[in-house]
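See structure below.
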Amino acid sequence: VAEPRPEATRHGAGRVLIAVYAVFALAASARAGYQLATHFSAAPLAYLLSALAAVVYVVATAALATATPASRRVAWAAVGVELVGVLAVGALSVLDAEDLPDETVWSGFGAGYGYVPLVLPLLGLAWLHRTRPRR
Amino acid sequence: VITWLAWATGLLSLAVGVAALVATVRGRRIDDVQLLGSAVLELALLVQGAVGVALLVRTERPVDGVLFASYLLTSVLVVPLGAFWAVGERSRWGTGVLAVAALTTGALVLRLEQIWRTGG
């Protein structure tokens, strides 16, 4: 069995994973940009969390697609933050709806996007683990 | 948007996406038929994009222009970007990327039609 090289991160099933990450990078960025540009003052916390989600997805997409040892470390961090983010914002949106009056991609654990935002970081971590360089 | 054109592009996206999904499951690499299907889909999306811009400029109804225009722009970009990312992968997973791109486009067209109908 050949040792996985860092480039393995962006090939095979990782190709599709990165494509899905790119879709969410786009969706979250567009949503955050629109919210911040049109009515930021209405719900600053929700919109800042939207912006955070957008940054996390953009960084994760770029880091996974770059697929070097250094970018893989960035990807681990970004996907980790993503998992914490979707769990924390999901819980907050369910328990305390008043503090989050408007939607982010992570609201309701990503229910508005078919719960893909909840599953995606788990797949991301599993893929990073599977393609880790072994010696 | 024009309702029948939105339906046509939406269903075409779905067809290309499902075909690519089936091909992925069957372990097929991207072939000429899939690329041709994606090209036809992109052509339809570009027509819809041009029509959408023309309608948005002329309409007297209160449609959220920024929202509509951003969905319109995204709807023509996803398939070419997806195809570019897909052809770099000579395995079933390249076909999988095409499936993601086409199904995402279907969702965008659905939302586009909704924004046009309801205003935002």
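A short reminder: the numbers here are calculations on the coordinates, not readings from a lab. As the structure is a computational prediction, the values presented were derived from the model and not from experiment. For neighbour counting, all protein chains shown are included, and Cβ atoms are generated from backbone atoms with ideal geometry for every residue, glycine included.
Here are some notes:
- Any chance B:Leu73 is farther than 27 Å from A:Ala28 by Cβ and surrounded by fewer than 16 Cβ atoms within 10 Å (Cβ to Cβ): no
For every residue, the table says whether it meets (1) more than 16 Å from the chain's Cα centre (by Cα); (2) under 19 Å from A:Gly108 (Cα atoms); (3) of a type in the set (Val, Ile, Thr).
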position	(1), (2), (3)
A:Ser29	no, yes, no
A:Leu52	no, yes, no
A:Pro69	yes, no, no
A:Trp76	no, no, no
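- Complete set of residues in region A:78-106 that are within 15 Å of the chain's Cα centre (by Cα) and touching a residue at least 60 places away in the same chain (Cβ under 8 Å): A:Thr104, A:Val105
- Answer residue from region B:17-43, given it is within 29 Å of A:Arg31 (Cβ to Cβ) and surrounded by 17 or more Cβ atoms within 10 Å (Cβ to Cβ) and is farthest from the chain's Cα centre (by Cα) among those: B:Thr24
- Residue satisfying all of: in region A:100-115; assigned to a helix (DSSP H, G or I) and in contact with a helix residue (DSSP H, G or I) (Cβ under 6 Å, 6 or more places away or on another chain); farthest from A:Thr38 (Cα to Cα) among these: A:Phe109
- Candidate set from region B:109-120 (those that are within 14 Å of chain A (Cβ to nearest Cβ) and touching a residue at least 60 places away in the same chain (Cβ under 8 Å)); member that is farthest from B:Ala69 (Cα to Cα): B:Leu110
- Members of region B:48-68 found to be closer than 19 Å to B:Thr3 by Cβ and either surrounded by 14 or more Cβ atoms within 10 Å (Cβ to Cβ) or within 11 Å of another protein chain (Cβ to nearest Cβ) (or both), listed by number: B:Gln48, B:Gly49, B:Val51, B:Gly52, B:Val53, B:Leu55, B:Leu56, B:Val63, B:Asp64, B:Leu67, B:Phe68
- Taking region B:76-91 as the range and being more than 9 Å from chain A (Cβ to nearest Cβ) and either closer than 23 Å to A:Arg31 by Cα or of a type in the set (Lys, Arg) (or both) as the test, the residues that pass are B:Val76, B:Val79, B:Pro80, B:Arg90.
- Check on B:Gly82, under 24 Å from A:Gly14 (Cβ atoms) and in a helix (DSSP H, G or I): yes
- Selection of region A:100-135 for residues being buried (at least 19 other Cβ atoms within 10 Å of the Cβ) and among the β-branched types (Val, Ile, Thr) yields A:Thr104, A:Val105, A:Thr131.
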